[in-house]
1. Could we say that Asp34 is outside any strand (DSSP E or B), modelled with pLDDT under 75 and surrounded by 10 or more Cβ atoms within 10 Å (Cβ to Cβ) here?
2. Here is a check on your reading of the model: is Gly98 in a loop (DSSP other than H, G, I, E, B) and modelled with pLDDT under 85?
3. How many residues are touching a Gly at 6+ places or on another chain (Cβ under 7 Å) and either at pLDDT 90 or above or of a type in the set (Val, Ile, Thr) (or both) if we restrict to the range 159-178?
4. Conditions first: (1) surrounded by fewer than 15 Cβ atoms within 10 Å (Cβ to Cβ); (2) at pLDDT below 90; (3) touching a Gly at 6+ places or on another chain (Cβ under 6 Å). Thr78 passes all but one, so which condition is the exception?
5. Scan Lys203, Lys157 and give me the residue that is basic (Lys, Arg) and not in a helix (DSSP H, G or I).
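The values are calculated or read from the model by the stated rules, or taken from the named source; none is laboratory data. All values derive from a computational prediction rather than experimental measurement. Positions of Cβ are generated from backbone atoms using ideal geometry, with glycine treated the same way; all protein chains shown enter the neighbour counts.
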Amino acid sequence: MRLVYLSILNVFLLSCKEKPKPILEKTNVKNNIDSIQIDESPLFTKDTLLDYSCFSIIVPMGWHKANDDTVVKVTDATFRVRLHNKNNKLVYFEHGLGGGDPSSDFYVEPITKRVVYKSRQLDTTHVIFSDDPQLYIKLKNKTQKTYGERISGHIAKFFEPVKFGVGYTGVYIDSVGDIAGNKANFSAYAENLDKFESQELLKAIRTMTLKSCH
């Protein structure tokens with residue numbers, strides 16, 4: 001009888017013993033949290049004035065800053081910054097020597113220049129060789145519509161796609177000052193916006209004040 005009692009007691013004690021915890025794979029929780037905080041910057045809860053070194057702009061509620069730490073830094077005397085609109089589409093701002101006119105995504109060169117391009121092995125992906133002086137305008141009118149306005153006293157070229165959802169919306173100014181004797185330019189643009197997004201971006205651009213920042 002004593003032997004039976006000891007056996008029952010031993011089983012009871014073994015069952016009460018703490019069970020080993022499962023081995024969990026270690027994860028770097030801190031890094032995960034940091035990346036979320038960087039990539040998902042807070043949405044602006046109202047129309048907000050952003051004051052950068054090269055320009056200021058009032059952006060709509062619902063926009064937020066992009067993570068520019070992930071962008072490769074280029075030493076071309078150009079100030080760059082990006083924002084996300086309400087639908088998380090990127091809006092680009094460029095002020096300096098490295099900016100460009102995104103609405104001019106092709107070039108028309110005289111046919112005689114074809115030999116020069118070929119001899120120098122230059123890229124002709126975005127080049128159309130033609131002697132028609134109106135060809136550029138004809139082609140551009142099929143994809144983009146442009147018109148002039150002024151921003152901070154500068155003559156600016158506004159552009160929108162003929163068909164919303166395909167092409168660029170924004171502004172380009174070919175001269176906003178000099179950098180080491182070279183002409184600096186400014187552009188603000190986004191790609192493939194719908195009609196509402198396009199109107200919203202152009203409205204924000206018209207609130208801009210440009211500065212001398214180089």
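1. Answer is yes for this residue.
2. yes
3. 1
4. The number of the failed condition is (1).
5. Lys157
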